[in-house]
Amino acid sequence: SKVERNDYTGVEVQPTARLAWQPLAQQTIWAAFSRAVRTPSPYEHDLFLDIYNPDPPFFYRLTGDRDFRSEVVYASEAGYRFQTGNLWVALSCFFNVYRGLLGFEIGTPFTEADPPPGRTVIPAHFRNGYDGKTHGGELRADWGVTRWFKLHGFYSYLKIDLDRTASIIAPQTEAATENSSPRHQVALRLAFELPHGLELDGTFRFVDELPAQGVKAYVNLDVRLGWRVLPGLDLSVVGQNLL
């Protein structure tokens, strides 16, 4: 366990527990649980910032919160990996619970006359405004098909769910955060060892869409041709993002 004391939230305890079991020499089953925090900074406690909105004309006044608490995550993980001959496979999954994530709580608008001219101000305050959960997993595999041909594969899945715990200035923030990370990602790499010190490998990738940012799902390809001229000297020609 890690134990820290800070001037904002006092003592923070961040424990980790991990367990691994090998039922057979080539197999490992593991699990872990952790608690981690992000402690506040002067930014969350003492910020005072006016942001002008031209149409209609008014000011957002963003201020810190002296009662802002640490953001907390409780992370649970588990996995299984094995190796048999030239094949290595690893599967891992996770479930994280978040408490007190940063948000903005809107206050009652008011008019401010000094200094002139008068202006409408909408106050917004930092708050521990969100709780949330994430879950997902990763699958990785390496297969030495032959002495000169190897395959590497990867797949990941991520799901984010946020819930507001305060009246937030931008309710769309949950969707913006939830939809700004790809839910699915896939990669496949083929590596060849050719005669005369030549190497050829290609990596194919699929990345899922980011709806909140208007980014569509895409596929891409990287290719590398390498030549081992001398021991300690390699030359490579690389093409990236070819699709």
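Values for this structure:
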| item | result |
| --- | --- |
| Sole exception among (1) open to solvent by less than 80 Å² (accessible area, probe 1.4 Å); (2) at pLDDT below 95 for Pro116, by number | (1) |
| Meets criteria (in contact with a His (Cβ under 6 Å, 6 or more places away or on another chain), modelled with pLDDT of 90 or more, within 30 Å of Ser34 (Cβ to Cβ) and part of a strand (DSSP E or B)) for Phe82 | no |
| Residue identified as out of contact with any strand residue (DSSP E or B) (no Cβ under 6 Å at 6 or more places or on another chain) and either surrounded by 16 or more Cβ atoms within 10 Å (Cβ to Cβ) or modelled with pLDDT under 95 (or both) among Ala212, Ala217, Ala166 | Ala212 |
| Subset of segment 124-137 [within 15 Å of Phe48 (Cβ to Cβ) and either out of contact with any strand residue (DSSP E or B) (no Cβ under 6 Å at 6 or more places or on another chain) or open to solvent by less than 20 Å² (accessible area, probe 1.4 Å) (or both)] | Ala124, Phe126 |
| Val89 vs. criteria under 15 Å from Asn128 (Cβ atoms) and not hydroxyl-bearing (Ser, Thr, Tyr) | no |
| Selection count, segment 220-233, where residues are over 21 Å from Phe204 (Cα atoms) and either among the small types (Gly, Ala, Ser) or open to solvent by less than 90 Å² (accessible area, probe 1.4 Å) (or both) | 3 |
| Residues located in segment 186-209, provided they are open to solvent by 50 Å² or more (accessible area, probe 1.4 Å) and more than 17 Å from Gln240 (Cβ to Cβ) | Val186, Phe192, Glu193, Leu194, Pro195, His196, Leu198, Glu209 |
| Any hit, segment 187-201, residues being outside any strand (DSSP E or B), more than 30 Å from Asp46 (Cα to Cα) and in contact with a Gly (Cβ under 9 Å, 6 or more places away or on another chain) | yes |
| Subset of segment 72-85 that is open to solvent by 60 Å² or more (accessible area, probe 1.4 Å) and of a type in the set (Phe, Trp, Tyr) - its residue that is farthest from the chain's Cα centre (by Cα) | Tyr80 |
| Qualifying residue in segment 64-71 (condition: open to solvent by 70 Å² or more (accessible area, probe 1.4 Å) and over 26 Å from the mean Cα position of the chain (by Cα)) | yes |
| Meets criteria (surrounded by 15 or more Cβ atoms within 10 Å (Cβ to Cβ) and among the hydrophobic types (A, V, I, L, M, F, W, C)) for Trp88 | yes |
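The values are calculated or read from the model by the stated rules, or taken from the named source; none is laboratory data. Since the structure is predicted, the reported quantities are computational estimates derived from the model, not experimental observations. Positions of Cβ are generated from backbone atoms using ideal geometry, with glycine treated the same way; all protein chains shown enter the neighbour counts. For the accessible areas, the whole protein counts, side chains as well, though only heavy atoms, and no ligand, DNA or RNA atoms are used. Shrake-Rupley method; radii C 1.70, N 1.55, O 1.52, S 1.80 Å.
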